[in-house]
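Below: the structure, in structure tokens.
The values are calculated or read from the model by the stated rules, or taken from the named source; none is laboratory data. Because the structure is a prediction, the values reported are computed rather than measured. SASA here: full protein model, heavy atoms, side chains in, ligands and nucleic acids out. Shrake-Rupley method; radii C 1.70, N 1.55, O 1.52, S 1.80 Å.
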Amino acid sequence: MKFANPAPLGLAGFAFTTWMLSMHNAGWFGGADINLVLALALAYGGSAQLLAGLLEFPRGNTFGMVAFVSYGAFWWSWALFVLMFQGKAPGIFVGWYLFLWGVFSFYMWLATFRANKALQLVFLALWVTFVLLALGVWFAPVLGVAGGYLGLVTAALAFYLSAAELINESYGRTVLPIGPYASAV
């Protein structure tokens with residue numbers, strides 16, 4: 001029995017929602033636009049990624065399961081925080097929330113060193129995005145804006161990888177390259 005690859009779904013949910021919030025973080029939009037991001041965070045960024053992570057389990061993909069379930073939970077936690085508390089918490093605490101997601105993204109990035117180059121780039125960009133967003137909360141809002149712009153890069157990389165995995169599988173050959181997998185030691 002062959003299981004479908006849930007990664008394109010999880011990556012698309014992550015990419016779409018990250019793109020929308022990153023436009024807000026970069027300062028392109030403000031105010032009421034966040035309501036659409038919240039809806040997307042719950043329906044696609046959160047739920048679709050959780051589903052993709054659960055579908056990675058029977059495939060034996062621990063990395064995919066941990067990544068998609070965790071980042072799906074990130075979107076749910078962020079949306080619930082904004083909805084329930086209107087995003088109100090001491091800035092230092094919000095900074096820690098973002099920074100710790102950066103710590104998690106850092107070790108997830110380390111785990112990609114034996115994966116394809118596209119996945120490595122997604123997690124590298126995501127790690128730095130979270131750190132910039134945290135530093136923006138703690139020290140200088142311009143760093144948060146930089147985090148918004150890097151979030152757009154992160155989302156674009158994730159969209160590309162989602163498309164590559166889907167299209168390459170559909171065509172049975174490499175149409176969109178994702179870089180070589182690192183060889184086992």
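Per-structure values
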| item | result |
| --- | --- |
| Degrees, to the nearest 10: 47-56 long Cα axis against longest axis of the chain | 30 degrees |
| Value at 222 nm in deg cm²/dmol, rounded to 500, when DSSP H runs of n ≥ 4 in the chain each add -39,500 (n - 2.57) | -25000 deg cm²/dmol |
| Residue order for Ile34, Ile167 - accessible surface, 1.4 angstrom probe, largest first | Ile167, Ile34 |
| Nearest-ten-degree value, helix 91-111 long axis tilted from longest Cα axis of the chain | 10 degrees |
| Per-residue SASA entry for Phe16, accessible area with 1.4 Å probe, Å² rounded to 10 | 90 Å² |
| For the chain: relative contact order, % (alpha-carbon pairs under 8 angstrom, 6 or more apart) | 27 percent |
| Cα Rg, Dmax (largest Cα-Cα span) when computed across the range 145-185, Å | 13.5, 40 |
| Choice from Ser170, Ser77, Ser47 with maximal GNM fluctuation in the chain (Cα, 10 Å cutoff) | Ser170 |
| Solvent exposure ordering (accessible area, 1.4 Å, most first) of Met84, Met65, Met1 | Met1, Met84, Met65 |
| Shape box of the range 78-181 [Cα atoms, principal axes, largest first, Å] | 51, 26, 22 |
| Angle in degrees between helix 7-25 and the longest Cα principal axis of the chain, rounded to the nearest 10 | 20 degrees |
| Accessible-area order (highest first, 1.4 angstrom probe) of the listed residues Trp109, Trp19, Trp96 | Trp96, Trp19, Trp109 |
| Phi to ³J(HN,Hα) by Karplus 6.51 cos²θ - 1.76 cosθ + 1.60 over the range 78-84, Hz, x for Gly, Pro | 5, 5, 5, 4, 5, 5, 7 |
| Translational diffusion of the range 1-140, µm² s⁻¹ [Kirkwood Rh, Cα pairs; Stokes-Einstein; 20 °C; 1.002 mPa s] | 138 µm²/s |
